[in-house]
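Take a look at the structure set out below.
The values are calculated or read from the model by the stated rules, or taken from the named source; none is laboratory data. The model shown is predicted, which means the values in this text are computed figures rather than measured ones. Glycine also receives a Cβ, built like all others from the backbone with ideal geometry; neighbour counts cover every protein chain displayed. Quick note on the areas: whole protein, heavy atoms, side chains included, nothing else; ligands and nucleic acids left out. Shrake-Rupley method; radii C 1.70, N 1.55, O 1.52, S 1.80 Å.
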Amino acid sequence: MSEQEVRLVTKVEVVGWATPRPGLSLDELVANFHRDGVTVYEVDRDNNRVRVIDTEES
Amino acid sequence: MGKLLGNRGLQVIAGRASNTADAFLEIDSMSIDDSTVAFTATDTALDDGGAVANEADANFDSAPTRSAQTVTHVATFGTAVFVGSTVKRIALHNAAAASVTSASDTWVGGVDGQSLVKSADYSLVLTLKITYTSL
């Protein structure tokens, strides 16, 4: 009897978007991230948010 | 950077998929913590590799969704959460957030090796996707 091995592969990825608190503009938040050395992957002005975690790109 | 599901996490998924008698709870929440210890396949709790100084957890914003073989989990960590701590690891748990601690045997899987200082200047929405592939 022949046996066939089937492998289940799982991939885990995380994306994190930061939204500024009331009273803080998106540009101010981006400036803060740059000041703190945080990698900014994308600035999404339509949705007022910044992508700061991306395990596929990092 | 490690990105994985642990053995216990795979047991949770296998048991739920086939409705085994183990009665595992479903994956219900996400955590962030500032441990620099990499996750390993044998982990069952966040502090298995060493004490976790700071940890926060949240229930999903809404029920997870599936597209083909990818399941998406979304959780928000608000402006007042985890302030002054650095997000280094992100994880899924098969328990509600109220039951999740750094010592609870609820860890399913996650990613490590991140470095994002959480401040009160922003809320953080994390999307964690698991894709299953059969080879």
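For the reader, a short list of remarks on this structure follows.
- The tail of the calculated P(r) for the stretch B:27-77, taken as Cα-Cα distances beyond 14 Å, holds 60 percent of the pairs.
- Protein accessible surface hidden between B and A, which excludes ligands and nucleic acids, total in Å², probe 1.4 Å: 2200
- In degrees, nearest ten, helix B:7-18 long axis to first principal axis of chain B (Cα): 50
- The separation of the stretch B:67-101 from the stretch B:21-59, counted between C-alpha centres, amounts to 10 Å.
- The mean number of Cβ atoms from other chains found within 10 Å of a Cβ in peptide B:115-127 is 6, as a whole number.
- Over all distinct Cα-Cα pairs of the stretch B:53-119, the Kirkwood formula returns a hydrodynamic radius of 13.1 Å.
- Shielding score for A:18-27, defined as the mean number of other chain Cβ atoms within 10 Å: 4
- Value of D in µm² per second that Stokes-Einstein yields for chain A, Kirkwood Rh from Cα pairs, at 4 °C (1.567 mPa s): 94
- Taking label points 7 Å from Cα along the Cα-to-Cβ direction, A:GLU56 and B:THR76 give a separation of 2.4 nm.
- For B:ALA95, nonlocal amide neighbours, meaning residues 5 or more places apart or on other chains whose placed amide H falls under 5 Å from its own, are B:ASP28, B:SER29.
- A:TYR41 sits among other residues whose Cβ lies under 12 Å from its own Cβ, and their net charge, with Lys and Arg +1 and Asp and Glu -1, is -3.
- Straight Cα distances below 20 angstrom link B:LYS3 to the lysines A:LYS11, B:LYS88, B:LYS129, with same-chain residues fewer than 8 positions distant left out.
- Test item: Cα-centred dipole of the protein assembly as shown, Lys/Arg +1 and Asp/Glu -1 on Cβ, debye: 220
- Rolling a 1.4 Å probe over the heavy atoms of the protein chains gives the protein assembly as shown an accessible area of 51 Å² per residue.
- Test item: A:3-12 mean partner chain Cβ contacts at 10 Å: 6
- Kirkwood Rh in Å, taken over all unlike Cα pairs in the protein assembly as shown: 17.3
- Ellipsoid fit via the Cα gyration tensor, the stretch B:1-115: semi-axes of 22, 16, 13 Å, each the root of five times an eigenvalue, largest first.
- On the protein assembly as shown, 47 percent of the accessible area sits on carbon and sulfur atoms, based on a 1.4 Å probe.
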